[in-house]
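Okay, structure first, notes after.
The values are calculated or read from the model by the stated rules, or taken from the named source; none is laboratory data. In this text the structure is predicted, and so the values were computed from the model without any measurement. Heads up, the Cβs are rebuilt from the backbone with ideal geometry, glycines too, and the neighbour counts pull from every protein chain shown.
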């Protein structure tokens, strides 16, 4: 079965990773912290590719580069650039994994939570969503 595994973050987290801490993300990341995170994620991705479970995985750019497209009450398009004050966390990265069971993908999510980060950096849960197999529910 395929699963979407998601990690979250905020604009403040991305700024902290650029060395600019704030009240919402008080730990500034050093070059050493970033290298440790990238090494961890690289090893994880290599292991998932080697096991045949990796379908895709990507980190996403900061929320400030996001665009929201909606509609107003009259049904006209409304385009808003990010980040959004009303949104706390946004998708920071994801994996599409093909795993034999929910237990297996949960093991992988637990490993993702072990990613190194500086002390005081906020932590977020890893979200697992099964991907519908295409039998109904398609747009």
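Residues to consider are 73, 53; find the one that is more than 19 Å from residue 38 (Cβ to Cβ), surrounded by 10 or more Cβ atoms within 10 Å (Cβ to Cβ) and modelled with pLDDT of 95 or more.
Numbers: 73 fails: surrounded by 10 or more Cβ atoms within 10 Å (Cβ to Cβ).
None of the others qualify; the one that does is 53.
Just one residue in the set 80, 61, 87, 66 is under 12 Å from the mean Cα position of the chain (by Cα) and modelled with pLDDT under 95; that residue is 61. Within the range 25-60, restricting attention to residues that are assigned to a loop (DSSP other than H, G, I, E, B) and in contact (Cβ under 8 Å) with a residue 40 or more places away in the chain, the residue that is nearest to residue 131 (Cα to Cα) is 53.
In this structure, residue 112 does not qualify as over 30 Å from residue 20 (Cβ atoms), in contact (Cβ under 8 Å) with a residue 12 or more places away in the chain and touching a strand residue (DSSP E or B) at 6+ places or on another chain (Cβ under 7 Å).
Summed over the range 91-110, residues that are under 14 Å from residue 53 (Cβ atoms) and loosely packed, with under 14 Cβ neighbours inside 10 Å total 5. For residue 118, the requirement of being surrounded by 15 or more Cβ atoms within 10 Å (Cβ to Cβ), modelled with pLDDT under 90 and not in a helix (DSSP H, G or I) is not met.
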